[in-house]
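One structure is given here, and the rest of the page talks about it.
The values are calculated or read from the model by the stated rules, or taken from the named source; none is laboratory data. Small disclaimer: the values here were computed from a predicted structure and weren't measured. In this analysis, Cβ positions are derived from the backbone assuming ideal geometry, glycine residues included, and neighbour counts consider all displayed protein chains. These accessible areas exclude ligands, DNA and RNA; they are computed on the full protein's heavy atoms, side chains included. Shrake-Rupley method; radii C 1.70, N 1.55, O 1.52, S 1.80 Å.
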Amino acid sequence: MEKEKVIIVKDLVKKFGNFIANDHLNFHVDKGEIFGFLGANGAGKTTAMRILCGLSKPSSGLVEVAGFNVKTNAEDVKKRIGYMSQKFSLFEDLTIWENMRFFSTVYGMSRSNFKARGQLLLQKLNLFDERNRLVSTLSLGWKQKLAFTVAILHEPSIVFLDEPTGGVDPITRRQFWEMIYEAADDGITVFVTTHYMDEAEYCNRVTIMVDGRIDALDTPSELKKQFKAESMNEVFLSLAR
Amino acid sequence: MNRFIAFVKKEFLHIFRDYRTMMILFIMPIAQILIFGFAITTEIQNASIAILDKSKDEVTRELTQKLLASGYFSADQYLSSESEIESAFKQGRAKMVIVYESNFGNNYEKIGASNIQLICDASDPNTARILSQYAEGIFASYNRTNQAIGIIPEVRMFYNENLDGFYMSIPGIMAMILMLVSAMMTSISITREKEFGSMEVLLISPLRPLQIILGKVTPYILMAVINTISILALGYWVFGVPVKGSLALLLFECILFTILALSLGILISTVAKNQMVAMFVSMFALMLPVILLSGFIFPIDNMPVILQWISNIIPPKWFIIIVKTIMLKGGGLEYIWKETLILIAFIVVFVGLSVKKFNIRLQD
Amino acid sequence: MIEINAISKAFDNVQAVKEVSLQVDEGELFGFIGPDGAGKTTLFRMLNSLIVPDAGSISLFGLDPVKQYKKVRQIIGYMPGKFSLYTDLSIEENLSFFATVFGTTIEENYHLIEDIYKQIEPFKKRLAGQLSGGMKQKLALSCALIHKPKLLLLDEPTTGVDAVSRREFWDMLKALKSKGITIVVSTPYMDEASLCDRVALMQNGKVHAVEKPQVIVDQFMGNIFAVKSNNNYKSLLQLRTWEHCKNVYPFGESLHYLDHRSKVSEKEIENFLLEKELAEVEVALVTPDIEDCFIAFTQTETD
């Protein structure tokens, strides 16, 4: 059975002057897959992700996200993706519900649709009764779970997560990954960029970028076998060093 | 001492590396002076006035003629009754209405005194004040010409509020610049250390809190002195603003005020969590009062009593009085010792508060 | 030696550190492992004298950070969590500033930082703000070491740094340790625990275990099974409904499953999942990881 591909990247090249940030990248991501995108700082991860999100145009090559070409239909791409970063997630001085309503409007959700889906998602988090609390009063773990919920509120085809669980306690981290699994199970593709290798272990497939190139692409267990390594961290070290 | 010098050196490096801020610090005073000197002129030309002449005799005609010939005023309309005054203002056409009493010329010639009423649109108090002063001046000159025939006084120079207005703004600009350079820049540079986490390391180092504070402050004292001198020099050479009193005393008072502003900056930095807050507090707590309440732009005498009271706790008010006295009136310390003492009192309070708040530890 | 005796600290009703007691030996590489908000930074600031504890006492090589803070500040090298260097100064300017402030010169203690500093020395005219994460770290460490401290306090030095630089950083710490410097480090990354001589697991202001990492793992009660299938999420939901399930959670590519029963075979678990229409089921007994221990500690506390 051929799986539906939500991200197709063919010969992606991105240059900044003489500097080649992305050097002929080739990969695809299946629907419902949890795809890890790894690399050291400066390996070209962020550049590639900005292109996938429609924020930057490739110098050459084909990039299709959710069925649209990012070069010509960037706005269509943006409507169909969700984004969450550890650095910025939510407005601290708004309540949970106000944050959700804001983002629902940004993505053009109808009022009734937002009410129903917002309530459903918050109930799953057991936060519905707390919906009028200010986000600033939540603990870090809760904020992150809420931020993920907001990112998938408008039922995007793909959700991009940037280092989603760095520094979170192990229990919250697992609750977070359960949410990711559930979203993937619902058919939302999850694209995780991180330089924390232990996060990589949770992904279905991972790519490792070194100096603008993709040096490895496989399931974590295959990569570990291939590099005779105990953990993804070792895989990464043997590639990047 | 080595540590202290190293610290001051580091501060200078910060200032010089950030060339944009440095440009602002050095160019802004010059720009301000030029703007106030050339652009924002308080001279009035061809201000529309309305005239209600109840007497309509030779004297009133002559006076009106004189007013209009001065070039400051142009007659927009002639009113026929008091009831029209208000509408003339409301239409925004007249800035001032001149009312001659009936039998004006008669009274003037027989009693030697007659009444004239100047009604100004005080929604723009500055213009109103200047207009009335111009008019009064012209009337006064008329008096004189008639009493001592053959003498035609130089009305224009004597009453040229333009230059005087600019003179008046020099102390205000100095207060503003010194406040900005000293208070805002120190508060920002101290909070920056807090924000970047380097304050923690500094606190842990053998540097004493006093050394840290002094090290932060020293470069800005120098900058402030340079700014003071450049303002005075520019005023003197470009616009011919004199320093009638002692230059040494003036510089001393400027340094005193700089120290005051610096201590305020330190106080702000002990309260502000980050650079943004520091900047806003400096802007709203320092700049606005300086501009609005110190007598820089709006004369304190024209303010409501409550604001006049509040203006007393605005340090620049006293500084501006001092500078005016020294620069424009040539007064010595004997005229301004009270104001100087007030500045010193402010310094003692602010330094005391900030040293108390600037802890050797992170907690309050 | 560092002795921490029942110290506590609260900020506006939030108990950041609760009655923490432990000892760190001279020359040890000691790690505080815990997530963000566990109280690590507050604890470090009490050690370095920037914060006074509400209760309890601390002794750093016989010195009290509350009363003898000046002496304490002379013997410690401190790297706060946030990048604490001046980004608008060059490498060299940063280092010589900190050297002068601590009353020494780069030349005097060059031998201490040589191994680390010579890696960044070729770029010494470059502004610190333009350095990569790994280079910044090396510079920060050099600055913390320049006055020859007896004790290095490093608060989350590896946060936000990529895996390669993290590994290099730990190698540097080991080299410093061999020079006799006592090092106390904090980190939110569980996988860094094994690099320390001893660790304290921290959560919600409390310390759960103070041990050698290996001992913590060895003391783990019960068996952990790594479970994989064609759909890990479904397996997770199914296992959670199982009456024998003590705990099950995602763990990398597989799930970690703990059973209530003392004896249970891999086959039994596999059969349960196959019954629930899952395929490609693989079950294997695994040795616990420090993260498993952390989860066990914190879960028993909340229960």
**OP:** Give the interface area between chains C and B as buried accessible surface, both sides summed, probe 1.4 Å, in Å² to the nearest 100.
**Re:** 2700
Subject >> chain B: most fluctuating residue of B:GLN91, B:GLN117, B:GLN133 per GNM, C-alpha cutoff 10 Å >> reply: B:GLN91
**OP:** Enumerate the residues in segment C:177-196 having an amide nitrogen under 12 Å from the point lying 7 Å beyond the Cα of C:GLU26 toward its Cβ.
**Re:** C:180-182
**OP:** Return a whole-number percent for the relative contact order of segment B:47-146, with Cα pairs under 8 Å and 6 or more residues apart as the contact set.
**Re:** 32
Original post:
Considering every pair of different Cα atoms, what Kirkwood radius, in Å, is found for segment C:82-129?
Top reply: 11.1
Original post:
Could you give the dipole magnitude of segment B:47-146 about its Cα centre, charging the beta-carbon of Lys and Arg +1 and that of Asp and Glu -1, in debye to the nearest 20?
Top reply: 200
Original post:
Restricting attention to the alpha-carbon atoms of segment C:2-212, what are Rg (one decimal) and Dmax (integer), both in Å?
Top reply: 16.6, 49
Original post:
To the nearest Å, what is the center-to-center distance of segment B:228-263 and segment C:151-206, using C-alpha atoms only?
Top reply: 56
**OP:** Give me the lysines in straight-line cross-link reach of C:LYS276: C-alpha distance below 18 Å, same-chain residues under 8 apart excluded.
**Re:** C:LYS228, C:LYS234, C:LYS267
Subject >> Relative contact order for chain C, counting Cα pairs under 8 Å that sit 6 or more residues apart, in percent >> reply: 20
Subject >> DSSP-defined beta bridges in chain C - what % are antiparallel, rounded to 5 >> reply: 65
Original post:
Convex hull over the alpha-carbon atoms of chain A: what's its volume per residue in Å³?
Top reply: 131
**OP:** Would you mind giving the total buried accessible surface between chains C and A, with a 1.4 Å probe and ligands, DNA and RNA left out, rounded to the nearest 100 Å²?
**Re:** 2700
Original post:
What part of the accessible area of the protein assembly as shown, given as a whole %, is carbon or sulfur when the probe is 1.4 angstrom?
Top reply: 55
Subject >> Pairs from A:LYS31/A:LYS57; A:LYS124/C:LYS263; B:LYS357/C:LYS18 whose Cα-Cα separation, in the structure shown, is over 30 Å >> reply: A:LYS124/C:LYS263
Subject >> Solvent-accessible area per residue, Å², over the protein assembly as shown with all protein chains present [probe radius 1.4 Å] >> reply: 45
**OP:** Count the net charge of all other residues whose Cβ sits under 15 Å from the Cβ of B:PHE4, scoring Lys and Arg as +1 and Asp and Glu as -1.
**Re:** +4
**OP:** Provide the FRET efficiency to the nearest 0.05 for the B:LYS273-C:PHE123 pair, computing r from the beta carbons and using R0 = 30 Å.
**Re:** 0.35
Subject >> Helical contribution to [θ] at 222 nm, DSSP H n ≥ 4, -39,500 (n - 2.57), averaged over chain B, rounded to 500 >> reply: -20500 deg cm²/dmol
Original post:
Which residue, B:PHE296, B:PHE104, B:PHE319, tops the fluctuation ranking in a GNM of chain B built on C-alpha contacts under 10 Å?
Top reply: B:PHE104
**OP:** Would you tally the net charge around A:ILE96, using a Cβ to Cβ cut-off of less than 15 Å, leaving A:ILE96 out, and scoring K and R as +1, D and E as -1?
**Re:** +3
**OP:** Evaluate peptide C:155-165: per residue, the Cβ atoms of other protein chains within 10 Å of its Cβ; return the mean as an integer.
**Re:** 5
**OP:** Using a 10 Å cut-off on Cβ to Cβ distances, tally the other chain neighbours for every residue of A:198-204 and report the average as a whole number.
**Re:** 4
**OP:** Obtain the nm distance between the two label points defined at A:LYS225 and B:ILE255 by a simple spin-label model: each point lies 7 Å from its Cα along the Cα-to-C-beta direction.
**Re:** 8.1
Subject >> Bins of 5 Å, starting at 0 and running to the largest distance - Cα pair percent for segment A:91-155 >> reply: 4, 20, 34, 27, 13, 3
**OP:** Over all alpha-carbon pairs of segment B:47-146, lay out the pair-distance distribution in 5 Å bins, whole %, shortest bin first.
**Re:** 3, 13, 26, 26, 19, 10, 3, 1
Subject >> Rg over Rh, two decimals, segment C:113-175 (C-alpha only, Kirkwood Rh) >> reply: 0.93
**OP:** Compute the FRET efficiency between B:ASN103 and B:SER48 as 1/(1 + (r/R0)^6), taking r as their Cβ-Cβ distance and R0 = 30 Å, and round to the nearest 0.05.
**Re:** 0.65
Subject >> Two-site FRET efficiency, C:ALA284 against C:ARG240, from Cβ-Cβ distance with R₀ of 22 Å, rounded to 0.05 >> reply: 0.65
**OP:** Calculate the length of the line joining the C-alpha centroid of segment A:1-75 to that of segment B:325-340, in whole Å.
**Re:** 72
**OP:** Extending each Cα 7 Å along its Cβ direction at A:ASP30 and B:ILE291, get the distance between those two points in nm, one decimal.
**Re:** 6.4
Original post:
Picking from A:VAL135, A:VAL70, A:VAL106, which is most flexible by a Gaussian network model of chain A using Cα springs under 10 Å?
Top reply: A:VAL106
**OP:** Among the lysines, select those whose C-alpha is under 27 Å from the C-alpha of B:LYS90, and discard any that sit fewer than 8 residues away in the same chain.
**Re:** B:LYS54, B:LYS56, B:LYS66
**OP:** Could you tell me which of C:LEU154, C:ALA200, C:ILE75 has its Cα farthest along the dipole of segment C:2-212 towards the positive end, charges placed at Cβ (Lys, Arg +1; Asp, Glu -1), taken about the Cα centre?
**Re:** C:ILE75
Original post:
Using the Kirkwood radius built from alpha carbon pairs, what does the Stokes-Einstein equation give as D for segment C:1-74 at 25 °C and 0.890 mPa s, in µm² per second?
Top reply: 195
Original post:
Roughly what would the spin-label model give for B:ASN115 and C:ASP115, points 7 Å off Cα along C-beta, in nm?
Top reply: 9.9
Original post:
Among the listed pairs C:LYS71/C:LYS206; B:LYS273/C:LYS179; A:LYS143/B:LYS216, which are separated by more than 31 Å between their Cα atoms?
Top reply: B:LYS273/C:LYS179; A:LYS143/B:LYS216
Subject >> Sequence ranges C:282-293, C:129-140, A:117-128, ranked by mean other-Cβ count within 10 angstrom, highest first >> reply: C:129-140, C:282-293, A:117-128
**OP:** Could you list the trypsin sites (Lys or Arg not before Pro) in segment C:230-263 that lie in coil according to DSSP, counting only those with at most 12 other Cβ atoms within 10 Å of their Cβ?
**Re:** C:ARG261, C:LYS263
**OP:** Out of all DSSP beta bridges with both ends in segment B:47-146, state the antiparallel percent to the nearest 5.
**Re:** 30
Subject >> Shape metrics for the protein assembly as shown, restricted to C-alpha atoms - Rg then Dmax, Å >> reply: 37.1, 129
**OP:** Within a 10 angstrom radius of each residue's Cβ in A:168-181, how many Cβ atoms of other chains show up on average? Whole number is fine.
**Re:** 6
Subject >> Over chain B, equivalent-ellipsoid semi-axes from the Cα gyration tensor in Å >> reply: 52, 20, 17
**OP:** List the relative contact order of chain B as a percent without decimals, with contacts defined as Cα pairs under 8 Å and 6+ residues apart.
**Re:** 18
